[in-house]
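Below is one structure, written out as structure tokens; comments come after it.
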Amino acid sequence: MSKFLKFIVHFFVICTIVCVLGLALPPFFGVRTVIMDSSDKATNLPVGSVTYAIPVKTDVAAGTPILVQEDGKSYRYNLVSVNRENNTGTVIDTTTSAQQNITVSVKNWVPKIVVTIPFVGYLLVATES
């Protein structure tokens, strides 16, 4: 019985360390992390999730999910096209039923979403309280 309890404790400690390192280390390597820790933020990212995005050149393929941050809010959009003359891009929000084109400002690099991991953001909420 004590071996089983040791296994449970060690498993929990190792999982916690991996999650904390997954939240703390990526920004040091140029990866942008967005942690949705409250539901009062206006966004289309799920609450409690962590989204990782890497910067790529603007010549990405259509349909690439990108992270758009404006006015302190973060959104996940799919890129439709990029207009290099005005530094604007056309994106669509796939989370809504009315998928209308939205124009956003882009520069030479756009943050391409690599992965969104649900429920890991709640770990940050638990450590804050």
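The values are calculated or read from the model by the stated rules, or taken from the named source; none is laboratory data. Please read all numbers here as calculations on a predicted model, not as lab measurements. Note: accessible area is taken over every heavy atom of the protein model, side chains too, but ligands, DNA and RNA are not part of it. Shrake-Rupley method; radii C 1.70, N 1.55, O 1.52, S 1.80 Å.
Observations, loosely collected:
- More than 20 angstrom apart: percent of Cα pairs within region 11-89: 46
- Rounded accessible area of F4 (nearest 10 Å², 1.4 Å probe): 120
- Residues whose amide H falls under 5 Å from that of V120, counting only those 5 or more places apart or on a different chain, are V50, with hydrogens built in the peptide plane.
- Split the accessible area of region 1-73 by element, probe 1.4 Å, and carbon with sulfur accounts for 70%.
- The residues of the chain expose, per residue, 66 Å² of accessible area to a 1.4 Å probe.
- Accessible heavy-atom area order of E85, E128, highest first, probe of 1.4 Å: E85, E128
- Phi-based couplings in Hz for region 36-42 (Karplus 6.51, -1.76, 1.60; Gly and Pro marked x): 8, 9, 8, 8, 8, 7, 7
- Available extension along the chain between L5 and T95 is 28.2 nm, counting 0.36 nm per residue and deducting the alpha carbon span.
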